[in-house]
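The values are calculated or read from the model by the stated rules, or taken from the named source; none is laboratory data. Just so it is clear, the model here is predicted, and its values are computed rather than measured. Every residue, glycine as well, gets a Cβ built from its backbone with ideal geometry; the counts of neighbours run over all protein chains shown.
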Amino acid sequence: MESPLNPTDVRRAAMDLLARREHGVEELKLKLKRRFGREEDFETIAMEQLQRLVDEDLLSDARFSAAMVRQLINKGIGPRRLDGELRGKGIEQSWQDCAASADLEVDWHQQAQQVYGRKFPQPIMKHSPDDRRREWGKRARFMQYRGFEPEHFMGLINDASGNID
């Protein structure tokens, strides 16, 4: 016969994860579910322990989202992709709210320029118009994938390509 799930084990596992880095409530619940999900009464015990950690201010979605936004901005992720990354971790706030709570101000044009310059240090040097268009599209798709708005990077690509006729 299996022993029942011990709330102390769930709390200890949660604390071990929190000792490594900040987590959001949903992310931590998912990790605990991977470990204890087959156990009877997991949902009830996990929610009680997570709420206790929130009440003790050891677990905070606001701290987690602010840290995540700061980290993603430092990695060169743009504003469009930030919201998707936050939603993927169970955070409902927009990146603007998270950045405001962390006192982050971002110049997206400068950020886009840094990301673009690291990835594409050379101007477009293709000779045929088709090759220039292809390279222009490649650069635009990269910047869109990174989450930047067209107004953040279109000037950079146009400056690098001259005229894409």
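Computed quantities for the displayed model
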read-out	value
Sole residue being modelled with pLDDT of 90 or more and on the phi > 0 side of the Ramachandran plot, chosen from Gly117, Gly147	Gly147
Tally of residues being of a type in the set (Asp, Glu), touching a residue at least 12 places away in the same chain (Cβ under 8 Å) and either loosely packed, with under 10 Cβ neighbours inside 10 Å or within 22 Å of Ser60 (Cβ to Cβ) (or both) across region 3-39	3
Residues (hydrophobic (A, V, I, L, M, F, W, C), farther than 29 Å from Gly84 by Cα and surrounded by 15 or more Cβ atoms within 10 Å (Cβ to Cβ)) located in region 113-146	Ile124
Failed item in (1) modelled with pLDDT under 90; (2) touching a helix residue (DSSP H, G or I) at 6+ places or on another chain (Cβ under 8 Å); (3) assigned to a helix (DSSP H, G or I); (4) of a type in the set (A, V, I, L, M, F, W, C), with Ala100 passing the rest	(2)
Candidates Asp97, Asp57, Asp103 - the one that is without any contact (Cβ under 8 Å) to a residue 40 or more places away in the chain, over 12 Å from the mean Cα position of the chain (by Cα), loosely packed, with under 12 Cβ neighbours inside 10 Å and under 29 Å from Phe148 (Cβ atoms)	Asp103
